[in-house]
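Trainee: Handing you this structure, nothing more for now.
Where a number appears in this text, it was derived from the coordinates with a stated rule and is not lab data. What you are looking at is a predicted structure, and each value in this text was computed from that prediction instead of being measured. Cβ: placed from backbone, ideal geometry, glycine included. Neighbour counts: every protein chain shown.
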Ligand code: HXC
């Protein structure tokens, strides 16, 4: 090897050591991979090309001029996931705790700009003590530069954040503006202010885990989508997710070969709906039996379980699925489920991913907790998201579709392209008993029972809606996949545009 090339290799090897072997060992002892090891798991073998390996910080305060580490705490570049291009930044906790300096931010911005130009997803592996304290406002400026790009990239290229270490202060806002957030249990945290500040200001005593751990954010707050046991699981899941997504809003959804016949009949679905209308069943069963090979990537499985969201494929092409879940809160829409599904619908619409909606919804959840916390505004988010979406929309009502929730769940009136109902569907303004008690207030229990039976016979079916053209066809449950697959084929050429506007004003 030429000496000059040897020197280059030596320089590279030094840069790859980041903050040194001692700190790498400390990272490993916490069960965490290093920034580069994470990239090796995330990207196809040998595909990652690093940029800006020799960038150093420009801080001269607090003795920083003598502490320079090539790369400055973040590894950036591009690679492939199953052959498809992605841009990646991976913060290196061994270098100043992965803290964000001005130059560190510039490196992230550079790959974000490239991803936007060429149309490829950005994946951020976050493991950082936040703003580089020695740099002060330069670091804050760096964060804002990243935030600005998160917003510009939103809806143009998919953005995925993996939280794999601490993520405090302003550092949480960049991930918050990305499309999906994965966290690692017991080693990742997200909070605006940590437990010590919380104690000082509010006198609350709370652990890091309770305040901003993976379980907290994937169950209670809904800030993050999925929690994983360790770095490797999270990184593999990121690969799986990317496989479902188009690279940008200029590309079509990816297509992968499937051996699953489009017209697979599922006789078991004819028995899915229990005889008793108040008995729950698991909507996952319908989802799994509809998508190719039962492969469903669920988002936010542990938060607002009354609605299910996630990605699957039909005939090899990605679809987004939104489904009421009768097993949780009887499938009612509430604040959390509305917000959860609304953002997902908007993601699908932004990236031209057709939306399948499975409906079994008894209405919005009543109560002061919901009303006083703004169910009107939050429920409107889902209504708004469906109404503005121009992607192919196919809806199947399996059982209840009552009241305002009927309208919201991708109804015909919100430009649903194909609105199907199973014969077990009940499409009405409300359940029979509630309706009769209002219309026939003051009547004897016997009369109420009689009228309820009449109401059920008249309205607890899909045919009133079908007679008005609100339901395009009443389909046999066993043929659901076939009807959806045929529908999606026909809708591939769908063209629909909303009126020109600078941007909309969704209720926030
Ligand atoms: C500079 C930092 C740093 C930071 C950590 N380090 N955070 N250096 N700026 N923000 C350095 C440490 O000095 C240490 O250096 C190394 O990283 C590892 O840190 P440890 O504390 O030893 O690790 P650990 O015990 O695991 O604790 C990790 C931590 C803690 C929880 C992240 O370091 C911490 O609380 N850091 C400060 C967090 C913070 O307040 N950030 C600013 C938030 S405000 P050596 O040389 O010993 O290895 C903010 C505003 C942004 O981000 C606003 C944008 C709008």
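Trainee: Against the longest alpha carbon principal axis of the chain, how many degrees, from 0 to 90 and to the nearest 10, is the axis of helix 3-16 turned?
Mentor: Taking Cα atoms only, the helix is inclined about 50 degrees.
Trainee: Mind giving me the FRET efficiency for residue 200 and residue 4? R0 is 60 Å, r the Cβ-Cβ distance, nearest 0.05 is fine.
Mentor: That gives a FRET efficiency of 0.60.
Trainee: With 10 angstrom as the radius, rank 290, 200 by how many other C-beta atoms surround their C-beta, starting from the fewest.
Mentor: Ordered by Cβ neighbours within 10 Å, fewest first: 200, 290.
Trainee: Mean residue ellipticity at 222 nm from the helices of the chain, using -39,500 (n - 2.57) per DSSP H segment of n ≥ 4 over the full residue count, to the nearest 500 deg cm²/dmol?
Mentor: Details: 18 runs with 185 residues, N = 508.
Computed ellipticity for the chain at 222 nm equals -11000 deg cm²/dmol.
Trainee: Return the distance in nm (one decimal) between the two label points of a simple spin-label model at residue 25 and residue 240, each offset 7 Å from Cα along Cα→Cβ.
Mentor: Here the modelled spin labels are 3.6 nm apart.
Trainee: For residue 113 and residue 255, FRET efficiency with R0 = 35 Å and r from the beta-carbon atoms, rounded to 0.05? Can you show the working numbers first?
Mentor: On the way: r = 29 Å, r/R0 = 0.82.
Here the calculated transfer efficiency is 0.75.
Trainee: Moving on to the next point. Quick one: length gained pulling residue 173 to residue 473 fully straight, 0.36 nm per residue minus the C-alpha distance?
Mentor: Fully extending the segment from residue 173 to residue 473 adds 103.5 nm.
Trainee: Can I ask one more? Which whole-number percent is the relative contact order of the chain (Cα, under 8 Å, 6+ apart)? Can you show the working numbers first?
Mentor: Details: 1048 pairs, mean separation 46.6, N = 508.
Normalised by residue count, the contact order of the chain is 9 percent.
Trainee: Is segment 333-404 rounded, prolate or oblate when judged by the Cα gyration tensor, a ≥ b ≥ c being the square roots of its eigenvalues, rounded requiring a/c under 1.5 and prolate requiring a/b larger than b/c? Working shown, then result.
Mentor: Working: a/c = 2.79, a/b = 1.43, b/c = 1.95.
Oblate shape, in that a/c is at least 1.5 and b/c is the bigger or equal ratio.
Trainee: Taking 0.36 nm per intervening residue step and subtracting the Cα-Cα distance, what contour gain separates residue 505 from residue 229 on full extension?
Mentor: Numbers: separation 276, 0.36 × 276 = 99.36 nm, distance 3.85 nm.
This chain segment gains 95.5 nm when fully extended.
Trainee: Find the relative contact order for segment 1-103 and round it to a whole percent, using C-alpha pairs within less than 8 Å whose residues are 6+ positions apart. Walk me through the numbers before you get to the answer.
Mentor: Details: 140 pairs, mean separation 30.6, N = 103.
In percent, rounded to a whole number, it is 30.
Trainee: Arranged by the count of other C-beta atoms within 10 angstrom, fewest first, what order do 393, 482 take?
Mentor: On the way: 393 29, 482 18.
Fewest-to-most Cβ neighbours within 10 Å comes out as 482, 393.
Trainee: Take peptides 430-439, 201-210 and line them up by average Cβ neighbours within 10 Å, highest first, as a rough protection proxy. Can you show the working numbers first?
Mentor: Details: 430-439: 16.8, 201-210: 11.5.
Going from most to least packed, we get 430-439, 201-210.
Trainee: A further question follows. How do 139, 467, 188 line up, fewest other C-beta atoms within 10 Å first? Before the final figure, lay out the partial values.
Mentor: Working: 139 23, 467 9, 188 28.
The most exposed by this proxy come first: 467, 139, 188.
Trainee: Using 1/(1 + (r/R0)^6) with R0 = 22 angstrom and r between the beta carbons of residue 463 and residue 282, what's the FRET efficiency to the nearest 0.05?
Mentor: Details: r = 27 Å, r/R0 = 1.22.
Given R0 = 22 Å and the Cβ-Cβ separation, E is 0.25.
Trainee: Now for a separate question. Could you tell me the relative contact order of segment 70-208? Use alpha-carbon pairs under 8 Å, at least six residues apart, and round to a whole percent.
Mentor: Working: 287 pairs, mean separation 27.4, N = 139.
About 20 percent, as a whole number.
Trainee: If you average the alpha carbon positions of segment 163-197 and of segment 73-96, how far apart do those two centres end up, in angstrom?
Mentor: Spelled out, the Cα-based centre of one part sits 18 Å from the other.
Trainee: Right, something else. Can you grab the distance from the C-alpha centre of segment 332-377 to the C-alpha centre of segment 419-455, Å, no decimals?
Mentor: 25 Å
Trainee: Still on this model: Can you classify segment 77-122 as rounded, prolate or oblate using the Cα gyration tensor, where a ≥ b ≥ c are the square roots of its eigenvalues, rounded means a/c under 1.5, and otherwise it's prolate if a/b beats b/c and oblate if not?
Mentor: Numbers: a/c = 4.48, a/b = 1.70, b/c = 2.63.
Note, shape of segment 77-122 comes out oblate.
Trainee: Note the full-extension length gain between residue 65 and residue 44 as 0.36 nm times their separation in residues minus their Cα-Cα distance, in nm to one decimal.
Mentor: Taking residue 65 through residue 44 to full extension adds about 3.9 nm, to one decimal.
Trainee: Moving on to the next point. Rounded, prolate or oblate: which one fits the chain, using the alpha carbon gyration tensor with axes a ≥ b ≥ c (rounded when a/c is under 1.5, else prolate when a/b beats b/c, else oblate)?
Mentor: Prolate.
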